[in-house]
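Only one structure is covered here, and it is reproduced in the block below.
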Amino acid sequence: MAFPCGSGRRWSRAIKMTFYLFFLIPMSSAGNRNTNTIFGKKQKLEVQQQLKRLNKPALKSIEKMYLIQSPDGDIIDCVDIYKQPAFDHPLLKNHTIQMRPSSYPEGFSFDEINDISANSEPKFTQPWHLNGRCPEGTIPIRRTKEEDLLRAGSVANFGRKKYPHAQKNVDPDVHEHAIYIEDGDKYYGMTAEINVWNPHTQEVNEFSASQFWLTSGEYGQDFDSIEAGMTVCENIYRDKETRIFVYWTDDAYQSTGCLNLDCPGFVQVDHQIVMGARVTPYSKYDGDQIGLKFYVWKDVNAGGNWWLKIGNIKLGYWPSSIFSLLSDSASSVQWGGEVINYNKNGQHTTTQMGSGHFAEEGPRKASFFKYLNVIDGSQITRGPRDTRTFMTKPNCYNIIDYGGFFYFGGPGRNPNCP
């Protein structure tokens, strides 16, 4: 995953080699920090300057009523589409916004191309919609507050993964995964419908995520990744609600890339979805199941930008120019869940993955990924082939492959996962 909800270090060589055989480097974080840290004048000035860079002038602001309609208290700024954070990136200074894709992979349906939802297309809303909408010509951005930067510990850490330099001090028990993987080809995109749940998280600096990764390269040398999905991350969002996110990096999370629009990079063109805002409704155990479809594809006819479509909304794109390896194609596609486990008091966390139930419980009880496809080296949309699964601790969280879809998740601590 892709943002600073916890902390982690790189794998020791032996563990790292095994790790690379199965999946990408996990999420890390800025750690558990006291948000009441007293900053010096210089640091305080840096915080204020960063807030000005992040919070672009709004044409209209929608502040949620904390006690009435939006428990998260988010402020949504409607920012001129041409003044969004992406264009602070040095490689995007003269970038011309691509308002819509110019090409689609072979195998995309008519409905997908024309934004016509099929009967099974999941619907979702974000609570800020109750108080208003951003007009066309703007994009909605969740406002960054001073306490958000203070929690990150420094301006440089905000919105980014941080991997300590001491590789030998890795704790391989911190990041736990249950994921489904295809590699061995060139990849120009993927699709997935992700089940929407609201998993419990035990500690403030732990998280639970359901997401995809499109990656290229090898961590420690040159590694690119684009990612999106849903997460519960109290350390960033100050609540235990499920929120939608995107992420990217061009250098294995070292100094490039960030969460959502917290740094320049991702170009948003849609005025309806806020990255980092809550997504509702949630699925219910043995009840109604809610899914959210994610589509990513490389627009080969327009500079190779990586487009992201969520549900029936074309959200925006990662410009090809901000990547090195992903400027061409991805070498691996992965789907699944990740949690942070800090083993408080020597016990495994009760932080849940997915629905909080194991994969074998099946329909309406375990969380799912379905409608899985890759866009292969021939730029044709097809189902996954020659896949494998990986589980860090199957007694805590697991995954069962049913050929083209899977169930996954778990409760964390239980009698078989002490």
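Brief remarks follow.
- Neighbour cut-off at most 12 other Cβ (10 Å), DSSP loop, GluC sites (Glu not before Pro), region 312-383: none
- Take region 272-418 with all the other protein chains still there, run a 1.4 Å probe, and you get 36 Å² of accessible area per residue.
- Globularity index of region 243-376, i.e. its alpha-carbon radius of gyration over 2.2 N^0.38 Å: 1.22
- When R143, R100, R133 are compared by accessible surface with a 1.4 Å probe, the order from highest to lowest is R100, R133, R143.
- Local electrostatic count at M353 - Lys and Arg +1, Asp and Glu -1, tallied over other residues with Cβ under 10 Å: -2
- Taking label points 7 Å from Cα along the Cα-to-Cβ direction, N416 and N301 give a separation of 5.1 nm.
- Proximity of backbone amide H atoms, modeled 1.01 Å from N, is registered between M275 and R142 at under 5 Å, excluding neighbours fewer than 5 places apart on the same chain.
- Packing around the peptides 84-93, 202-211, taken as the average count of other Cβ atoms within 10 Å per residue, puts them in this order, highest first: 202-211, 84-93.
- Greater than 27 Å apart at Cα, pairs in K240/K293; K240/K284; K309/K344; K314/K365; K240/K344; K83/K314: K309/K344; K314/K365
- The loop-placed chymotrypsin sites (Phe, Trp or Tyr not before Pro) in region 342-418, going by DSSP, that have at most 12 neighbouring Cβ atoms within 10 Å of their Cβ come out as Y402.
- Ordered from highest to lowest accessible area with the whole protein assembly present and a 1.4 Å probe, K145, K309, K344 read as K344, K145, K309.
The values are calculated or read from the model by the stated rules, or taken from the named source; none is laboratory data. Keep in mind the model is a prediction, meaning the values are calculated, not measured. Cβ coordinates were reconstructed from backbone atoms using ideal geometry, including for glycine residues, and neighbour counts include every protein chain displayed. We work out accessible area using only protein heavy atoms, side chains counted, and drop any ligands, DNA or RNA first. Shrake-Rupley method; radii C 1.70, N 1.55, O 1.52, S 1.80 Å.
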